[in-house]
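Before any comments, here is the structure.
The values are calculated or read from the model by the stated rules, or taken from the named source; none is laboratory data. Since we're looking at a predicted model, the values are computed, not measured. No Cβ is skipped: glycine too gets one built from the backbone with ideal geometry, and neighbour counts run over all protein chains shown. Areas reflect the complete protein model, heavy atoms only, side chains present, ligands, DNA and RNA absent. Shrake-Rupley method; radii C 1.70, N 1.55, O 1.52, S 1.80 Å.
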Amino acid sequence: KIGTDVTISIVRSGHIEIMDFTITRDKIVIHSVPYSGMLNHDIGYIKVAQFAKNTGRDVKLAIEKLQSQGMKKLILDLRYNPGGLLSQAIEVSDLFLDKGKVIVSTKGRTQQSEARAENKALVDPRIPIVTLINEGSASASEIVSGALQDWDRSLLMGQTTFGKGSVQTIY
C-alpha cells in the first residue's frame, strides 16, 4: 500500500557487504508530456512519453504555450514512446491535421472503422514539423507519426519504428 515501507537488499560487484535500502511506496505518476519548451527563439520542442488519458489535452496546452512564445517550427519527439490509447493518438493527430483528413482506419474480424480529423489544425500548416522516432516508438506513436507523414505534415527523422501500429480491444 502507498505509504508503507519495504527494505531491499542489494549486492554489488566489488562490494563485500549487502546494502540495505528502505523505500517508501508511493504512486508513480508518469506525465504524457514530460517536457516542452523553446529550443531557441523560433523552434518549439514537445516530448510525448506515452498516450494516456490526458495526452491530447497536454499536447494541446504545450502547443498553445509554444505558440505564445513565438514558435515558428516544431520538433515532436516520439522516441521510446510505447504507445497507449488510440483515442489519444487520434486527438494528438487532430491538432496537426485539417478537418476531414483520415488519421487511422482499423479493420478487425467483427468491425472496421475510420477516424478523421474533426477540427481545423491548431498548428498552422505553414509551420514545419519534424517528428523524431526510433525503434522504441510503437503503436499509438506510429499512428501519429504515420498520419502526419501521410498528409505531408511532418518529416520523420530517426530510426525504423517498432512496427506494431496495431489496435487492441480489451474484453
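For the chain, the relative contact order works out to 18 percent when only alpha carbon pairs closer than 8 Å and six or more residues apart are counted. Considering all C-alpha pairs of the chain, those separated by over 25 Å amount to 41%. Shown here for the range 102-171: GluC sites (Glu not before Pro) in loop regions (DSSP other than H, G, I, E, B) with at most 16 other Cβ atoms within 10 Å, namely Glu118, Glu135.
The alpha-carbon of Lys65 sits under 17 angstrom from the alpha-carbons of these lysines, leaving out residues fewer than 8 places away in its chain: Lys47, Lys73. Carbon and sulfur together cover what percent of the accessible area of the range 25-171 at a 1.4 Å probe radius? Solvent-exposed carbon and sulfur of the range 25-171 make up 52 percent of the total. Amide H contacts of Val33 (H built 1.01 Å from N, in plane; Pro and chain starts excluded): Ala49 sit under 5 Å, all sequence-distant by 5 or more or on other chains. Shown for the range 20-82 is the translational diffusion coefficient from the Stokes-Einstein equation, using the Kirkwood radius over Cα pairs, a temperature of 4 °C and a viscosity of 1.567 mPa s: 100 µm²/s.
Based on protein heavy atoms only, the chain ends up with 64 Å² per residue of surface accessible to a 1.4 Å probe.
In the range 1-121, the DSSP beta bridges split such that about 70 percent are antiparallel, to the nearest 5.
Distant-in-sequence amide contacts of Lys72, defined by a placed amide H-H separation under 5 Å and a gap of 5 or more residues or a different chain, comprise Ile43, Gly44. Here the Gaussian network model covers the chain, with springs between Cα atoms less than 10 Å apart; of Tyr45, Tyr35, Tyr80, Tyr35 fluctuates the most. Each residue of the range 16-33 was assigned a 3J(HN,Hα) from its phi angle through the Karplus expression (A = 6.51, B = -1.76, C = 1.60, θ = phi - 60°), giving 7, 7, 7, 9, 9, 10, 9, 10, 8, 5, 8, 6, 9, 9, 10, 7, 4, 10 Hz with x at Gly and Pro. Working note: Cα gyration tensor of the range 30-129, eigenvalues times five, square-rooted, sorted largest first, giving semi-axes of 25, 16, 10 Å.
Couplings 3J(HN,Hα) of the range 131-137, computed from phi: 10, 8, 9, 7, 5, x, 8 Hz, in residue order, whole Hz [Karplus 6.51 cos²θ - 1.76 cosθ + 1.60, θ = phi - 60°; x for Gly and Pro].
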